[in-house]
Amino acid sequence: MGLCIEVTGGGKTYASARGPVTALADVGLEVREGEFLSLLGPSGCGKSTLLRAIAGLDPLTSGSITLRGAPIDRPPERMGMVFQRDVLLDWRSIRDNVLLAAEFQGLPKRAHEARAMALLDRFGLGAFANRHPWELSGGMRQRAAICRALLCEPEILLMDEPFGALDAMTRDDLNLELSRIQQDGARTVVFVTHSIAEAVYLSDRVAVMSTGPGRVVEVFEIDLPRPRPLAIRESPEFARHVAAIRGLFSRLGIVKE
Amino acid sequence: MAEASHAQGIGGTFAVLLALLLAWEAAVWFFTPAPILLPPPSAILAELWSSPRYFLRHAGFTLWTTLAGFGLSVVLGVALAVAIVASRWADRVITTILVVMNSLPKVALAPLFVIWMGTGAEPKIAIAVMLAIFSIVADVALGLRSVDPDALALARVHRATGWRILWKVRFPNALPALFVGMKVAISFALVGAIVGEFVGGSAGLGHVILIAQGQFDTVRVFAALFVLGVIGTLLFYMVEAVERLALPWHVSQRSQHGSSPR
Ligand SMILES: Nc1ncnc2c1ncn2[C@@H]1O[C@H](COP(=O)(O)OP(=O)(O)OP(=O)(O)O)[C@@H](O)[C@H]1O
Ligand SMILES: [Mg+2]
C-alpha cells in the first residue's frame, strides 16, 4: 500500500497567556493509502492538534505534513471530517445539514440529493430527513454528521472522538456501522479515540500517543480479519491486541494498575 | 394549543388595559381635576372620533417616517455589522464612529438635521436611523461573531469561501440576534421620528402634540399620545410576528411549535 499522509518531525507550540505550550514535539507518523488508523492516547496528548494539522486547519509550528508528497497548507480536496460534537446547524433539516458538505464546496445541491437520502437511509435516518437536529437523539445526530462527512465521497476521513459523547450501546452500533462502511470503500480514515477497545476493533493500525510533550510512541498492527462482528471483541486475538497496548500504556505510566 | 394560549395572552393584555382605562375614567369622575390637566379617556376618544381624518393623516406620516427609518437602520445596520466582522480595519473605524455617535445625546443633534435636510420627511427618517441603528449593528455583529468554532472548521474543511461561510453559517446564526436588535430598534425609530417632528415640519403626531400644547389643548395631546401608543405597540408585535415566522427553528420559538413532524 502506498503512503497517503506523512508527518515528519511534527511540532506544535501554542502561544497562550501563560507562555508557550508545547502540544506536539517531533511527531512521526505514516498513514497508508486506504487504511483505518487510530490515534490513541490520554487526554491532552495532542490528538486533536495533530488531526487538525492533518486537516489543514491549524498548521504545525515545526516539521512537515504531506499528502501524497505535497505539503498540506490548507484543507485538501475530497476530505471529510467528523467532530466530537455533531455540529449540525439548527436552522437546517437533517437532509439539508447533510447537503451542507456539497453546498460549502459550491457543488450543486440537486446533484447530491439522491446520495444524501441514500446515506440517511443507510444510517437509519431516512424517516428523519425532514426533521430538525433538535428533534433527534445524540446518536442519531452523530449519524447525520457522519452522513454529511461521507456525502462527497471523501478519500480521506478524519474523525475526532466522534463517539466520545455517546452511551455505550449507541457507540457499539456506530462502531459496527463504521466498520462496515470502511469495508466497502477504499478510504483512508484517521480516527481519534480514548478507548483501546474501540481503536483495536476499528483499526488496521493503532498509533499510540503519549503526553509530555505529545508524540507518537508506537504503532500497532491489528491483523484481525474483516468483516469484524462485534463479537470479535470477545476473541483471544482481540484480547491479545488490547493487552499489548495496555501494557505499553502502563510502561509509559499512563494507566496505573 | 399554543395558538390558543397566545390569543389568551393578547386577550389578557386587552382586559388589563380596559380595566386601567375604566379606573382612569372613574378617577376623573371622582376627583374632577381641571380638564386642562387630565381629561377622561371618554373625552380623548371623543376627540379622536370628531376628527379621524386629521389624526389618520398625521399618524400616517409618523408611521411612514418610522418605518422608513427602521427599514434603513436594518439594511444599513446589517451591512455595517458584516463589514465589522469581515475586516478589523472596518471594525475600528465603524465601531469608533458608532460609539462616539451613541455617547452624544442624539436628540441634541436633531436641529442640525433640520438645517441640513429641511423640514420634510428626510430629517425625521435620518434621526430615526441615528437612534435605531446602534442596536442593530451591535446585536448583529455579536450574532455574526458568536458562531460555533467547529462549524467554521467544518466549513473550512469543505473549502467554503468567506462569502459562503457568511451566507450559510454566520448570517443564519445572527438572525435571532437581528430580531432582538429589531425589537429595540423599532421603538427607537418611533422616538426618532417624533423628535424630528418636534424640531421642525408641519406633519406627524409629534407636530400635532406641539401645536396642541401651544393651545393648551390637553385632550388633543392625549389623543395623539393614544395613537402613538397604539402605533408603537402594533409595530412591536409586527416584528415579533415576523420573528415567529422566520425562526421556527430557534430555541425561543420551539415551545410554540412543539416537536411534531411537519
Ligand atoms: N488553542 C490552544 N491554545 C493553547 N493551548 C492549547 C490549545 N489547544 C490545545 N492546547 C493544548 O495542547 C495540548 C493538546 O491538546 P489537544 O486538544 O490536541 O489534546 P487531545 O489529545 O485532543 O485531548 P482530548 O483527548 O482531551 O481531546 C493540551 O495541553 C492543550 O492544553
Ligand atoms: Mg481532542
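Taking segment A:1-99 and the strands (runs of 3 or more DSSP E) fully enclosed by it, the elements with 3 or more residues that are under 20 Å from B:ARG159 (Cβ atoms) and touching a residue at least 24 places away in the same chain (Cβ under 8 Å) are at A:62-67, A:79-82. Flag: A:THR211 does not match the condition of being within 16 Å of the chain's Cα centre (by Cα), surrounded by 15 or more Cβ atoms within 10 Å (Cβ to Cβ), away from every other protein chain (no Cβ under 14 Å) and hydroxyl-bearing (Ser, Thr, Tyr).
One residue alone among A:ARG148, A:ARG143 is more than 13 Å from chain B (Cβ to nearest Cβ), under 16 Å from the mean Cα position of the chain (by Cα) and not in a loop (DSSP other than H, G, I, E, B), and that residue is A:ARG143. Close Cβ contacts (under 6 Å, 6 or more residues apart or on different chains) running from residues in segment B:181-204 that are assigned to a helix (DSSP H, G or I) to residues that are among the β-branched types (Val, Ile, Thr) and surrounded by fewer than 24 Cβ atoms within 10 Å (Cβ to Cβ) comprise B:MET182/B:VAL239; B:LYS183/B:VAL239; B:ILE186/B:VAL239; B:VAL195/B:VAL107; B:VAL199/B:VAL114. Per the listing B:ALA110, B:ALA126, B:ALA90, the residue uniquely aliphatic (A, V, I, L, M) and free of Cβ contacts under 8 Å to residues at least 40 places away in the same chain is B:ALA90. Could you please give the count of residues in segment A:171-211 that are away from ligand 1 (no atom under 15 Å from the Cβ), among the hydroxyl-bearing types (Ser, Thr, Tyr) and farther than 22 Å from B:LEU154 by Cα? Summing the residues that are away from ligand 1 (no atom under 15 Å from the Cβ), among the hydroxyl-bearing types (Ser, Thr, Tyr) and farther than 22 Å from B:LEU154 by Cα in segment A:171-211 gives 3. Among the residues of segment A:115-136, those that are within 12 Å of chain B (Cβ to nearest Cβ) and of a type in the set (Gly, Ala, Ser) comprise A:ALA127, A:ALA129.
For segment A:49-72, check the following and say yes or no: at least one residue is surrounded by fewer than 20 Cβ atoms within 10 Å (Cβ to Cβ), away from chain B (no Cβ under 14 Å) and within 14 Å of ligand 1 (Cβ to nearest atom). Checked against the condition, which is being surrounded by fewer than 20 Cβ atoms within 10 Å (Cβ to Cβ), away from chain B (no Cβ under 14 Å) and within 14 Å of ligand 1 (Cβ to nearest atom), segment A:49-72 yields at least one hit.
If you go through segment A:154-170 and keep only what is crowded, with 16+ Cβ neighbours inside 10 Å and either within 16 Å of ligand 1 (Cβ to nearest atom) or within 12 Å of chain B (Cβ to nearest Cβ) (or both), you end up with A:PRO154, A:ILE156, A:LEU157, A:LEU158, A:MET159, A:ASP160, A:GLU161, A:PRO162, A:PHE163, A:GLY164, A:LEU166. Set side by side, the residues A:ARG85, A:ARG171 differ, and just one is away from ligand 2 (no atom under 16 Å from the Cβ) and on the phi < 0 side of the Ramachandran plot, which is A:ARG171. Scanning segment A:177-200 for residues being away from ligand 2 (no atom under 16 Å from the Cβ), assigned to a helix (DSSP H, G or I), closer than 27 Å to A:GLU218 by Cβ and in contact with a helix residue (DSSP H, G or I) (Cβ under 8 Å, 6 or more places away or on another chain) gives a total of 6.
No value in this document is a laboratory result; all are computed from the given coordinates. Everything numeric in this text was worked out from a predicted model, so none of it was measured. We place every Cβ from the backbone using ideal geometry, glycine too, and count neighbours over all the protein chains shown.
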